[in-house]
Amino acid sequence: MKVIHWLIEEIKKVWILSFFFIICFSYIFIILDLFLKTYAIDIYGISKVVIGGLIAAKAVLILDKTPLINWCERFPRYIHLLYKTLIYSLGVVLFGVVEGLIHAYSESHQWKEAFEIFIASKNLNSFIATHLSIGVVFFIYSILSEIEKKFGQGWIGKFFLSSPDNAQ
């Protein structure tokens, strides 16, 4: 029975965090799509947004339990927040590069050529804009997780989903 309870709690954590990341990544996707429509370029990738949100949620939950991510906990909170954001963002960049290289390798079957295909297929400005936006999402997540630590589990949900107190 403990295993089932643990599994339900894990699914709930992943689902809530996935929902947050899917909403944020969808916003980034829509903004990029609108900018690219200016040049009559259509992009399709909402499935990548959903999968990215699920992967980001699970990766963040795992990383939050490691000593690596909590290394700066003894420093002032802003340093810890920036450090966590940097680690999460570097993870996304690394994951994206590995994914792109594997995709290019499946086309060429040679690593050197795969690297050249990967570099040629990337627009540096779009890459930087996307990853800066994702970094902001991770920064917001880090702030919200610190607030949860300070005020208790479920505090943010209660704050945003309940009626405001009548001030009288």
Give me the pairs: first residue in segment 1-26 and at negative phi and without any contact (Cβ under 8 Å) to a residue 40 or more places away in the chain, second residue outside any helix (DSSP H, G or I) and exposed (fewer than 10 other Cβ atoms within 10 Å of the Cβ), beta-carbon distance under 8 Å, and six or more apart or on different chains, which are they? none
Let me confirm something: among Ile55, Ile4, which residue is under 15 Å from the mean Cα position of the chain (by Cα), more than 17 Å from Lys149 (Cα to Cα) and open to solvent by 40 Å² or more (accessible area, probe 1.4 Å)? Ile55
So which residues in segment 120-140 are closer than 13 Å to Leu86 by Cβ and not β-branched (Val, Ile, Thr), if there are any at all? His131, Leu132, Gly135, Phe138, Phe139
Taking segment 82-104 and keeping only residues that are in contact with a Ser or Thr (Cβ under 6 Å, 6 or more places away or on another chain) and β-branched (Val, Ile, Thr), one is left with Thr85
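For every residue, the table says whether it meets (1) in contact (Cβ under 8 Å) with a residue 12 or more places away in the chain; (2) aliphatic (A, V, I, L, M); (3) not in a helix (DSSP H, G or I).
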| site | (1), (2), (3) |
| --- | --- |
| Val49 | yes, yes, no |
| Ile69 | yes, yes, yes |
| Cys72 | yes, no, yes |
| His80 | yes, no, no |
| Tyr83 | yes, no, no |
| Tyr88 | yes, no, no |
Could you give every pair whose Cβ atoms fall below 8 Å, whose first residue belongs to segment 137-161 and is open to solvent by 40 Å² or more (accessible area, probe 1.4 Å), and whose second residue is of a type in the set (Asp, Glu) and in a helix (DSSP H, G or I), counting only separations of at least 6 or pairs across chains? Trp155/Glu148
Which numbered condition Ile119 misses (of (1) over 16 Å from the mean Cα position of the chain (by Cα); (2) of a type outside the set (Asp, Glu); (3) surrounded by 16 or more Cβ atoms within 10 Å (Cβ to Cβ)): (3)
Among the residues of segment 28-39, which ones are open to solvent by 40 Å² or more (accessible area, probe 1.4 Å), under 13 Å from Ala129 (Cβ atoms) and at pLDDT 85 or above? Phe29, Ile31, Leu34
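The values are calculated or read from the model by the stated rules, or taken from the named source; none is laboratory data. As the structure is a computational prediction, the values presented were derived from the model and not from experiment. Don't worry about glycine lacking a Cβ; one is built from the backbone with ideal geometry, like all the others, and counts go over all protein chains shown. For the accessible areas, the whole protein counts, side chains as well, though only heavy atoms, and no ligand, DNA or RNA atoms are used. Shrake-Rupley method; radii C 1.70, N 1.55, O 1.52, S 1.80 Å.
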